[in-house]
Amino acid sequence: MTNLRFGLLGLALIVALWLAGRLVTNEYVFFAGYAVAQYILLATAWNLLGGYAGYVNFGTAAFFALGAYVSVAVNKLFEPPLIVLILVGALASGAVGLAMGYLTLKLRGVFFSIATLALAIVAQAVVTNWEFVGGSSGAYLLRPTAGPWGGSYVEYLFYVMLVMAVGAVVLARCIERSKIGFGLAAIRDDELVGEAYGVPTLRLKLLVTVLSGALMGMAGAPLPFYVAYLDPPSAFNLAYAVNTIAMPLIGGASTWVGPVIGAVLLTAVQETAMVTISSAANLMIVGLLMVLFISLAPNGIMGLLRGVRSRA
Amino acid sequence: MTQQLIGRRTALAGIVGTAAIGTRTAWAADPIKIGFSIPQTGGLAAIGLQALLTLQIWSEDVNARGGILGRPVQLVTYDDQSNPANVPRIYTKLLEVDKVDLIVTNGTNLTVPAMPIAMQRGMVVFCMLSLAVNDKFKYPRFFQTMPYGPHGKASISEGFFDVAMGMSPKPATVALVGADAEFSKNAVDGARDQARKRGLKIVYDRTYPPSTVDFGPVIRGIASANPDIVYIGSYPVDTSGMVRAARELGFRPKLFGGGMVGTQAATLKGDLGEMLNDVVSYELYCPAVADKFPDVEPLLKKYQPRAKEKGIDPQGYYVPPFAYATMEVLQQAVTAAGGLDQDKIAKAAHATTFKTIVGDIKFGADGEWDHPRMLWVQFRGLKGQGMDQFVNPSAEVVLDPPEYRTGELRYPMGVAKQ
C-alpha cells in the first residue's frame, strides 16, 4: 500500500470514528478514547527514536510535560485556539529534542538513556520553580464546556488527539519505508558500519530526535484542558515514561504498527486490571509484560506474528 | 481504579439489623449511589485509605439507621492512584456509566480535575480535605468540610501567628521555610502575608526541593539568621527531617513549628516522640478537645481496630472525624432537600447549619466554613518514642482558637528530653 493510500485510510478511520461518535451519548467513551489515542501518539513518537534508531529514551515525561506547560504559559498570555497551543508545544519540545540531540547523541546505549532520564529530572526542577505556570502549586485551567464545533469540549479533545495519533502513525509508516527509515535501521543494527557506508547518522538522529520530541510535546499540549489542573508530579509522572517504552516493546518496536498494538493492548489490560484486580497491580503488570516480552519475544507481538508466518 | 460497591453488603446488614428489631422488613427503593475517586495507591494513599474506611463505616451506620430518605446508601469508588490525570475519567465514569446520584471528592489536586465534570452536570460537590479549590471556580454548589474557613491560604498560619504574637516580649523576626510543593508553598505564602501584617521582619525566606533528605544545612541556614520564631510548611518526610535536624543541632528558637503535615499522623508522631516537645503545629481534632466533640469517640472505636488490620493510621484523629462529617453534611443536605435534585441540595446546604460529630458546620458563600477552626497545638511532656502517649490529652495542648484553648504557649522551645 502506498503512503498516500495509507494516509487516506487513516483519514477514513478518523471520519468513521467521528460518525460513530455522533451516536455516542456517554462522555466516558471520549475520556477513555482520549487516553488510548494519547498513548498511541506517545508510543509512536518514542518508537521513532527508540524503535527505528535503537536509542532508548527515558525522558518521555519531559517532552510531554514541556508541551503541557508551554500550552499553559501561552494560553495564559494570549488564550489562542487549542491548535495553536499544540503547534507551540510541538515547537518547544522539538527544539528541546534538537538541543538534547546535539548534547547527547554522541552517547550510546545505556549512557544515552541515563542522559534522557536526567533531562526529565532537570525539566521537572525547572517547571517546579517556574512561578508563571504555577510552580510547585500547579496551574488551574478552566476548560470551556462546549467544543468549537458543538458537542462537549472533551469530545473535541478526543478528536484532536485522534487526528494527531493517526497523523503520527502515518508519519511513522512513511519514515519506516523511506530512505530515512533504512538509515535509522542501519544505525540501530550497527552505527559504525552504517556511517562507513555513508549513512548521515548524526543528521538522521537529530531529525528523529526533533520529530519524536515534537510529537510528544503535541501529546502533552491538550493535557491541561483534559485535567483542568497541572502540577509537576503528575505532568512528569513516571507512568508516562514506563508505558511509552512498554507499548512499542510489547507490540513490536521496529514497526509502525507495533506501538499501536501495544498502546491499545496495554491500555485495555491496565484498565481491566485496575477494575478487576487492583490498581497497585497496574504498573507491576506492565513491568511483568515487559520482562516477558523482552526475554521471550524481543521483537514483540509483530515479531511473533512474523515468526508464525515464516514457519507457515 | 478498583471499583468497590460497598453498599449492597452493608445495606443487607442494615436490612437484617432493622428486620430483627421489627422496624423495617426490606428496602423499599433502589440505593442512593454515592461516587468518589480516592487515592488507594501512590503518594496520597495514606490519607485516601483512612477516608475510604471512614466512608465505609458511615455507610454501614446510615444503612443500619434506615438509609437516607428510606433508601440504602451504596458507595461506588475507584482508585485514582494519587494522579490528577486519572480523575476526570473516573468522575465521568461514575456519572455516565455507574450513574451515581451524588459525588464526593478528596484532596486539593484531586478535587480540581473533578470540578469541570461536576460543574458541567450541575452536580453538588461534597469535598473533604482540600484547600481553596473554589477560589478559582467560584462554583455555588461546592461544599468543603475541612475547617479552613474563608481565608484560604492564611488559615494554615493565622493561628500560629496569633499564638506567636501572644509572647512577651513580642517576637520581632521570623524565618519562613517550606518545600517546593503545593501545600507547603500555600502555607508559606499565607505565613508571609501574616508576618507582614503583624510587622515581623522576615530574616529567612526560602524553599527546598521536595526530594531533600538532609535538613541539617536548612536548619543551619535558619539558625544563622537568628530568628525569634520559625514557621515551616512541610510534608511528612520533611517534617520529620526538619524536627530531627533542629534537635540534632540544638536549634531552639522562641517558637518552632507551623503548617507541618505529618504531625497529625500517629505513626510519625510516635516515631518523633520527645523530639516534638514544644513544637507547635495544627490539628483538626485531638484528645484534648474530646469532651467538646463526644460523638467522635464512637467513630474512632469503630475505626481503630479496622485501621490496625488494614495497616493505616491506627489512631485516626486527623482524617476520619472530618471525612465522617462530610458524609453527615451530605446526608442532612439530601434529607433537607427531600430528594436528589442537585439545585435543592445545594440550596439546603447553603441554608442549613449542619450538626456533625465535629460540631456545627455552616458554609459561607464560597462553600468553605463560614469561620476558621484549625486547632493550633503544642506538644508537651513526651518521653522517648511511641504513639500511645498521644492518646493522653495533655500530650497536645490546644493554644488556639481561644474557645478550645487547654493551656498557654510554653516558650522558648525547650530541650527534647524534659
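Data for the structure
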quantity: Among B:Val97, B:Val397, B:Val203, residue whose mean-square fluctuation peaks in a GNM of chain B (springs only between Cα atoms under 10 Å); calculated: B:Val97
quantity: Pairwise FRET efficiency - A:Leu8 versus B:His350, Cβ, R0 = 60 Å, nearest 0.05; calculated: 0.60
quantity: Spread of Cα-to-Cα distances over 20 Å intervals beginning at zero, given as percent, for the protein assembly as shown; calculated: 16, 45, 31, 7, 0
quantity: Degrees separating the helix B:342-351 axis from the principal Cα axis of chain B, which is the longest one; calculated: 50
quantity: Stretchable slack from A:Tyr102 to A:Met1, in nm (0.36 nm times residue separation minus alpha-carbon distance); calculated: 32.8 nm
quantity: On Cα atoms only, tilt of B:45-64 relative to the major axis of chain B in degrees; calculated: 40
quantity: Euclidean distance of C-alpha centroids, the stretch A:188-215 and the stretch B:264-304, integer Å; calculated: 61
quantity: The stretch A:28-237 - charge dipole about Cα centre, Lys and Arg +1 at Cβ, Asp and Glu -1, debye rounded to 20; calculated: 300
quantity: Size-normalised alpha-carbon gyration radius of chain B, reference 2.2 N^0.38 Å; calculated: 1.00
quantity: Most fluctuating residue given options A:Pro298, A:Pro144, A:Pro232, as computed from a GNM of chain A linking Cα atoms under 10 Å; calculated: A:Pro144
quantity: Nearest-0.05 FRET efficiency for A:Leu117 and B:Leu249, computed from C-beta distance (R0 41 Å); calculated: 0.75
quantity: Debye log10 I(q)/I(0) for the stretch B:50-113, one point scatterer per Cα, at q = 0.13, 0.27 Å⁻¹; calculated: -0.41, -1.21
quantity: Ellipsoid semi-axes in whole angstrom, largest first, where each is sqrt(5λ) of the Cα gyration tensor of chain A; calculated: 29, 24, 20
quantity: Using a Förster distance of 22 Å, the FRET efficiency for A:Thr272-B:Val97 (Cβ separation, nearest 0.05); calculated: 0.90
quantity: Other-chain or far-sequence residues with amide H under 5 Å of A:Ala139's (modelled H); calculated: A:Leu230, A:Asp231
quantity: Highest-MSF residue in chain A out of A:Gly258, A:Gly150, A:Gly194 [GNM, Cα springs under 10 Å]; calculated: A:Gly150
quantity: Approximate spin-label separation B:Ala172-A:Ala125, in nm, with each point projected 7 Å along Cα-to-Cβ; calculated: 3.8
quantity: Spin-label model distance (nm) - B:Arg196 vs B:Ser211, 7 Å beyond Cα toward Cβ; calculated: 3.2
quantity: Relative contact order %, chain B, counting alpha carbon pairs below 8 Å whose residues are six or more apart; calculated: 17
quantity: Part-to-part distance (alpha-carbon centres) for the stretch A:136-172 and the stretch B:164-180, which is given in Å; calculated: 47
quantity: GluC sites (Glu not before Pro) within the stretch B:363-418, DSSP loop, no more than 14 other Cβ atoms inside 10 Å; calculated: B:Glu408
quantity: Cα centroid separation, the stretch B:346-371 to the stretch A:24-52 (Å); calculated: 43
quantity: Formal net charge of residues neighbouring B:Leu52 (Cβ-Cβ distance under 10 Å; K, R +1; D, E -1); calculated: 0
quantity: Stretch in chain A that is longest and holds no chymotrypsin sites (Phe, Trp or Tyr not before Pro) that DSSP places in a loop and that have at most 10 other beta carbons within 10 Å; calculated: A:1-148
quantity: Net dipole in debye of chain B [+1 Lys, Arg Cβ; -1 Asp, Glu Cβ; about Cα centre; nearest 20]; calculated: 60
quantity: Rounded to 5, the percent of DSSP beta bridges in chain B classed as antiparallel; calculated: 30
quantity: Where trypsin sites (Lys or Arg not before Pro) in DSSP loops with at most 11 other Cβ within 10 Å are excluded, longest remaining stretch of chain B; calculated: B:139-416
quantity: Beta bridges by DSSP in the protein assembly as shown, antiparallel share as percent, to the nearest 5; calculated: 35
quantity: Estimated distance in nm for a label pair at B:Ser224 and A:Phe78, the labels positioned 7 Å out from Cα along Cα-to-Cβ; calculated: 4.5
quantity: Label zone at B:Asp135, where the point sits 7 Å out along the Cα-to-Cβ direction: the stretch B:185-216 residues whose backbone N lies under 17 Å; calculated: B:185-197
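Rule-based calculations on the coordinates, nothing more; no lab input. Computed from a predicted structure; not experimentally measured. Virtual Cβ from ideal backbone geometry, glycine too; neighbours counted across all protein chains shown.
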